[in-house]
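**Student:** Structure below; questions to follow.
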Amino acid sequence: MTLVITYALPLVQGAVIRRKLAFTISFLGKTPQAVVARSFHQGGHQIFEGTLQTVTNDLMQCSEQRLAYPILDLFYCRQSQYSLGLQIAKLDEALSLLTFALQQAARLQPYLRANVQEVINQYLYRTESKASKREVEVPPLSSTKFLAERQLPLLAAEEIDAGFESVRPRRLRLRNMVRGEGWRWLEVERVGQDTDLEEE
């Protein structure tokens, strides 16, 4: 009995930490575009960068727990705000938009974005399995219409396309992760529902 409790307790704690982290990311915005717009309009990225540091630390912990307890991947959430895979994919798309869609002066500190995406890489590596590496199409490019309407300084369309093409393999891995948790890429983009800035 003691052995069962000793093993079960870290699993429960791990599941709670995953849900808490997913919920934290969900507060950044409902869509990748909303995350970018909110980060741009709030304190010149300062608030966003502080949240990213917290997310990075918590995701490192989730990644290590996943290595110790692979069974954690069987803990799925039916609500999108608690799905860690879905929220990670949304955050990564937002970071790609910040990197490849915005002009240089409006971007995040490169080291911060690199740190977050490296931790996401580690999480992807820990959660991937041969069964999950099915052939899928690369997700469609994130729309920049929402950002243009809010007058964010965008690059030319061909530059954005080239930037996203450079992270094609990464986006395929993210799509597999989202599918593995039972979601569609549509839930990452939430097309037509970029309304959280107006609701504030």
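**Student:** Restricting attention to region 150-175, report how many residues are in contact with a Leu (Cβ under 9 Å, 6 or more places away or on another chain) and either touching a residue at least 24 places away in the same chain (Cβ under 8 Å) or surrounded by 18 or more Cβ atoms within 10 Å (Cβ to Cβ) (or both).
**Tutor:** Of the residues in region 150-175, 11 are in contact with a Leu (Cβ under 9 Å, 6 or more places away or on another chain) and either touching a residue at least 24 places away in the same chain (Cβ under 8 Å) or surrounded by 18 or more Cβ atoms within 10 Å (Cβ to Cβ) (or both).
**Student:** Residue under question is T127, and the condition is that it be buried (at least 16 other Cβ atoms within 10 Å of the Cβ), at pLDDT below 90 and in contact with a Gly (Cβ under 8 Å, 6 or more places away or on another chain); does it hold?
**Tutor:** yes
The values are calculated or read from the model by the stated rules, or taken from the named source; none is laboratory data. Keep in mind that this is a model prediction, so the values were computed, not measured. Heads up, the Cβs are rebuilt from the backbone with ideal geometry, glycines too, and the neighbour counts pull from every protein chain shown.
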